[in-house]
1. So P339 clears everything in (1) modelled with pLDDT of 95 or more; (2) within 22 Å of T31 (Cα to Cα) except one condition, right? Which one?
2. Within segment 373-387, identify whether any single residue is polar (S, T, N, Q) and open to solvent by 40 Å² or more (accessible area, probe 1.4 Å), and answer yes or no.
3. Looking at G75, G65, can you tell me which residue is closer than 26 Å to I185 by Cβ and either open to solvent by 40 Å² or more (accessible area, probe 1.4 Å) or of a type in the set (F, W, Y) (or both)?
4. Of I141, I156, which residue is assigned to a strand (DSSP E or B), open to solvent by less than 60 Å² (accessible area, probe 1.4 Å) and either within 30 Å of V358 (Cα to Cα) or not basic (K, R) (or both)?
5. Got at least one residue in segment 296-315 being within 19 Å of F426 (Cβ to Cβ) and either open to solvent by less than 30 Å² (accessible area, probe 1.4 Å) or not in a loop (DSSP other than H, G, I, E, B) (or both)?
6. Scan segment 382-439 for residues that are on the phi > 0 side of the Ramachandran plot and either part of a helix (DSSP H, G or I) or at pLDDT below 95 (or both) and report the count.
7. Name every residue in segment 37-62 that is assigned to a loop (DSSP other than H, G, I, E, B) and either open to solvent by 60 Å² or more (accessible area, probe 1.4 Å) or at negative phi (or both), in order of residue number.
8. Hey, any hits in segment 333-345 for a residue that's open to solvent by 70 Å² or more (accessible area, probe 1.4 Å) and assigned to a strand (DSSP E or B)?
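The values are calculated or read from the model by the stated rules, or taken from the named source; none is laboratory data. Quantities reported herein were computed from a predicted structural model and do not represent experimental measurements. Reconstructed Cβ throughout: ideal geometry from the backbone, glycine too, with neighbour counts over all protein chains shown. The area values use the complete protein model at the heavy-atom level, side chains included, leaving out ligands, DNA and RNA. Shrake-Rupley method; radii C 1.70, N 1.55, O 1.52, S 1.80 Å.
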Amino acid sequence: MADTAYDIVVIGAGPGGYVAAIKAAQLGFKTACVEEANLGGVCLNIGCIPTKALLESAAMISHLGHAKEFGVTVGEIRTDLAQAVKRSRQVSERLVKGIGFLFKKNKVTHVPGRGRLAGGGKVEVTDRDGKKQTITGKHVIIATGSKPRDLPFLKIDHDRVWDSTDAMMSQEAPKTLAIVGAGAIGCEFADVYAAFGTQVTIIEVADRILPLEDRDCSAVVEKSYRKRGMNILTNTRLEKAEIGKTSVKLTVKTAKGETQTIDAERVLSAIGRAPLTQDIGLEKAGVQLDERGFIKIDRQMKTNVEGVYAIGDVAGPPLLAHKGSHEGVACVEAIKGDPHAGIDYRNIPNCTYCHPEVASVGLTEEQAREAGHDIEVGVFPWTANGRALTAGETDGFVKVIRDKKYSEVLGAHIVGPHATELIAEFVVGRHLETTAEEMDRAIHPHPTLSEAIGEAALASLGHALHI
């Protein structure tokens, strides 16, 4: 009979769960990871990774459209969404196999099936054939993730009304697509489908798209999207949806009280995600939820039940893969006895991979002022950066928000080329408690996009060199 007793049992093998399991094994814990679907969770299989592959296809289409400017003449550009999706699946499958390899390398036991807390450190696992087994863990980490939310009158039916998985797997681009919600998911799929020839309409209840990002960054993306022919309705509330055999009729109301009707072949519901807390034994184990439905945790990811922890999306916002991974590491380190294990939630970067890209860390201007900080803001546009000009990507800027008293970098916001890569310099800088002066004095190679980081820091000090 197989040994079913472990030091740590992780329920869920997404970016939080599988990282926690690997780290636990590396720290000497006998570890099992329970997962009913593919290793990698939503992120690797139907989320972060395949969407970025589709966005690369969209970027390729855009580049080809401007090829003549670069001295390259191409024939008719024909798009094939099915091939783009096929490539995205290949990328995902490669990474999923990689996790399996890492589990074997680190001696993590993968237990296939759905895990449910049974109390007292017990986890009941039901496989796809309905066969049940019980394993035990001195410590149990819940990493079950999240699922797409829908509206009461716009239920996801995976036909006319899509969730993000449906949008990712479609073999054909619809003629028209209405996207409800203009956060990261909505804006990324708007980018993809517009590139593949779909007439896209974005409906957002807030006063701008990407409402969690810097207001000026949102404006740059909106201007770009409108230039590409997208219809953007902000300050607009969805009132009613009538789902027909060939289309969906949406009734929306603007901030002025005006009613408008939109007919779309498909609708993508991108209004956010909800934690996966159902049918995992929380009630039986006595694990408490907060008022929003997320599992309550402390700074070391402990729940109210001794020996039970929660990480990632199921434990609350921000619902980001990298946040879940770092929570997994911190959780295991805390179990090991590291008194400093924890997460700096003020320094988690946000990234949206649409074109132009948007990335940020820390406070926005509005948040900094509301918090009572006396600030200076430095902005450096891509139009003044040589590398951006050579690449033909000059929409956007780098923005630094500096506290006047200590010159602390309170926030950084980037919209434009490779923003999601460049933001890491600010994340590291803030982690090391750097100042705006130090951000500038670090020598940035020329010509690179990274020079704009030093220039934006200088601009916040009133000394920008190249503008």
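1. Evaluating P339 over (1) modelled with pLDDT of 95 or more; (2) within 22 Å of T31 (Cα to Cα) leaves (1) as the failure.
2. yes
3. On inspection, the qualifying residue turns out to be G65.
4. Sole residue among the options that is assigned to a strand (DSSP E or B), open to solvent by less than 60 Å² (accessible area, probe 1.4 Å) and either within 30 Å of V358 (Cα to Cα) or not basic (K, R) (or both): I141.
5. Residues of segment 296-315 within 19 Å of F426 (Cβ to Cβ): none.
Scanning segment 296-315 turns up no residue that is within 19 Å of F426 (Cβ to Cβ) and either open to solvent by less than 30 Å² (accessible area, probe 1.4 Å) or not in a loop (DSSP other than H, G, I, E, B) (or both).
6. Final tally of qualifying residues: 0.
7. Taking segment 37-62 first, the residues assigned to a loop (DSSP other than H, G, I, E, B) are 37-40, 47.
Residues satisfying the conditions are A37, N38, L39, G47.
8. no
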